[in-house]
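For reference, the structure discussed in these notes is given below.
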Amino acid sequence: DPKDVQNWCGGTGDMLSVDYTGNIYPCIRYMPNSLGPDIPPLTIGHVDHGLLGTKGEQDCAQCLQRIDRRTQSTDQCFSCPIGEGCAWCSAYNYQVFGTADRRASLFAGCAAFP
């Protein structure tokens with residue numbers, strides 16, 4: 001069932017943001033002011049050359065577009081009875097793990113997340 005793996009986070013390119021220098025981000029959470037000084041921002045374009053104008057931006061967008069609940073979840077998380085309705089932020093995943101395709105759990109008290 002496609003709904004079982006649907007990515008509910010718009011931060012994989014559905015919520016574009018632009019900063020004052022013209023950089024285009026898949027979401028505001030990938031901007032430097034959201035990630036902090038130690039995490040490199042994730043851009044997918046610039047107003048001067050458009051979206052996906054470089055090979056790196058194209059690769060980034062392809063990676064983000066492949067993300068779904070199955071690709072980013074552990075088996076334990078994916079099979080959790082509340083897992084389908086459990087929210088996530090792909091940019092937070094990127095901030096914590098350096099990749100948007102590894103789910104970071106905020107629910108340490110949940111039995112499914114030891």
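What do you reckon, is Arg69 basic (Lys, Arg), within 17 Å of Gly10 (Cα to Cα) and modelled with pLDDT of 95 or more? In short, no.
Restricting attention to segment 4-24 and to residues that are small (Gly, Ala, Ser) and within 13 Å of Gln65 (Cα to Cα), the residue that is surrounded by the fewest Cβ atoms within 10 Å (Cβ to Cβ) turns out to be Gly10. Here Ala104 meets each of (1) out of contact with any strand residue (DSSP E or B) (no Cβ under 9 Å at 6 or more places or on another chain); (2) in a helix (DSSP H, G or I) with one exception, condition (2).
If you go through segment 30-79 and keep only what is exposed (fewer than 13 other Cβ atoms within 10 Å of the Cβ) and touching a Gly at 6+ places or on another chain (Cβ under 8 Å), you end up with Val47, Asp48.
Given the residues Cys27, Cys89, which is the only one that is buried (at least 18 other Cβ atoms within 10 Å of the Cβ), hydrophobic (A, V, I, L, M, F, W, C), at pLDDT 95 or above and farther than 19 Å from Asp4 by Cβ? Before you say what the answer is, go through the steps one by one.
On the way: Cys89 fails: at pLDDT 95 or above.
Unique residue meeting the criteria: Cys27.
For segment 20-64, the set of residues classified as closer than 14 Å to Tyr94 by Cα and assigned to a helix (DSSP H, G or I) consists of Ile28, Arg29, Tyr30, Pro32, Ser34, Leu35, Cys60, Ala61, Cys63, Leu64, listed by residue number.
The values are calculated or read from the model by the stated rules, or taken from the named source; none is laboratory data. It should be emphasised that the depicted structure is a prediction, and the values quoted were computed from it without experimental measurement. Quick reminder, even Gly has a Cβ in these numbers, built from the backbone with ideal geometry, and neighbours come from all protein chains shown.
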